[in-house]
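Asker: To start, I am sharing the structure in question, which I have written as structure tokens.
The values are calculated or read from the model by the stated rules, or taken from the named source; none is laboratory data. Quick caveat: nothing in here was measured; it's all calculated off a predicted structure. Every residue, glycine as well, gets a Cβ built from its backbone with ideal geometry; the counts of neighbours run over all protein chains shown.
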Amino acid sequence: MSADETTRSILIVDDEASMIEFLQLLLQDEGFLVTAASSMTEARAQLKDNTFDLVLCDIMMPDGNGLDLLKEIKAADGRASVIMMTAYTSTKSAIEAMRLGAYQYVSKPFDVEELKVVVQKALEKTELVDENVYLRRELEQKYGFSNIIGRSRRMQEIFELIQRVAVTNSTVLLEGESGTGKELIARAIHYASPRSNRRFLSVNCGAMPETLLESELFGHERGAFTGAVRDKKGLFREASGGTLLLDEIGEMDPSMQVKLLRALQEKKVRRIGGHKEEPVDVRIIAATNQNLQEQIQLGTFREDLYYRINVIPIRLPALRERLEDIPILVDHFIKKYSNEMGIEPKRVSVDVMRQLEAYPWPGNVRELENVIERALALCSSDVLTTDDVPTQVLYGKSDRVTSIDLPAEGLDLEEYLESIRRQLMREALDRSRGVQTQAAELLGISFRSFRYYAKKLGLTGDSQSESEVGEDLEVRAAQS
């Protein structure tokens, strides 16, 4: 055992004074902080007032059974490893000790070197538990709601909705442009849910061919195909009890959509090359930057899969739709990257802030973060000026301008204009939270005209407000 483990604390519970003295000398010589208890009562008092990394406990005590103390330790503090000791070797006692969570069961008299190895391994397990707890806390802090920046009304409504959604097991569909923070929202939902102590996994559905994606999601048997040299569990089983994010689901191959739909409906998966279906317990969050309803019309996305994943829809606004959040996002990223670079946070000139608020941000929050990181790396003064900002941001415009080039093969003008009308009407519905009269006002047309085109384009009732989603959450969750 390494002598630098000076912070590790060990409790010895034994009614034999000679055994306590032996173990104290042995473990103190190895650099550990050792405490002793000669009875169950004394041991309970020590455990109440102190935290130990390892407990060495005799089974037969004058005022009780060490297995009862093991149960109490595991119920109160799952991190501490426990080694049970006895002079009366019993297979039944050994099995019971391991069943109750003991790290190891050892018989007296000890082989000193073997005992050292067992103690070292038990402490390594405790250290691993501590590290996992620390990493989980770091993840929860990093991906908690407090790290999703936004004071705009739209973002506040989303915060309220995802907090209500998090406590359910319902499937969530996150829609929004690239860079709007869909994965950050998905992680926030997971870490605010009862599933937070299990795994959060994600897969980009558009980044791999069908066979590879099927293997990634459902797993495969060894020898199922060329290159399958060992069994693979698949993400559905690896995320068991936790959450699985299906990112860019709109790019999934149609034939793979059928297999995914069956897995979601049956809550079972079959590995490639396997002969039996295995039940899975995983919460699904799907994300897309595409318009799935348009894809349904085009025949590239299954309507039945859409309704299966669209239990609770959440649309994330583009950054240009929440300009009031830009100053606090800028401040957040300046603090974040100043800390990483080991420099003092810099101020932002008025001219730069005006340019940042005027730029349309096609890359959304991700693009803004990259711009701030670059500016801090290049800035040589205490203030970020226009010299530190990319030219495309400086000369960008607040209104989006789309460059339209006529394809060499030509185009159907009426169909093209119809698609633009559909896109703008859907965006107006989203901004007005599904209220058609307000959407019509945003587009400068009469309610009657809006209602006519909405029906013609299949947009009636497409956009539902977050408050409406919250109200019928229980009903839709039950239907899923």
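Asker: Looking only at region 206-244, count how many residues are under 20 Å from Lys268 (Cβ atoms) and assigned to a loop (DSSP other than H, G, I, E, B).
Answerer: 10
Asker: Pick from region 16-34 the residues that are buried (at least 18 other Cβ atoms within 10 Å of the Cβ) and without any contact (Cβ under 8 Å) to a residue 60 or more places away in the chain: which of them is nearest to the chain's Cα centre (by Cα)?
Answerer: Selected residue: Phe32.
Asker: I want to confirm something. Restricting to region 452-472 and keeping residues that are in a helix (DSSP H, G or I) and either polar (S, T, N, Q) or more than 24 Å from Tyr306 (Cβ to Cβ) (or both), which single residue is modelled with the highest pLDDT?
Answerer: Tyr452
Asker: Taking region 254-286, which residues are farther than 19 Å from His220 by Cα and more than 21 Å from the chain's Cα centre (by Cα)?
Answerer: Within region 254-286, Pro254, Gln265 meet the criteria.
Each row is one residue, and each column tells you yes or no for (1) farther than 28 Å from Leu368 by Cα; (2) within 12 Å of the chain's Cα centre (by Cα); (3) at pLDDT 85 or above; (4) part of a loop (DSSP other than H, G, I, E, B).
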position	(1), (2), (3), (4)
Val119	yes, no, yes, no
Glu127	yes, no, no, no
Asn132	yes, no, no, no
Met155	no, no, yes, no
Ile158	no, no, yes, no
Arg164	yes, no, yes, no
Leu174	no, no, yes, no
Glu183	no, yes, yes, no
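Asker: Sticking with this one: Looking at Arg262 and the list (1) in the same structural domain as Glu183 (by TED's automatic domain parsing); (2) touching a residue at least 24 places away in the same chain (Cβ under 8 Å); (3) part of a helix (DSSP H, G or I), which single condition is not satisfied?
Answerer: (2)
Asker: Oh, and also: Can you say whether Tyr307 is of a type in the set (Phe, Trp, Tyr) and closer than 24 Å to Asp387 by Cα, as far as the supplied structure shows?
Answerer: Against the criterion (of a type in the set (Phe, Trp, Tyr) and closer than 24 Å to Asp387 by Cα), Tyr307 does not qualify.
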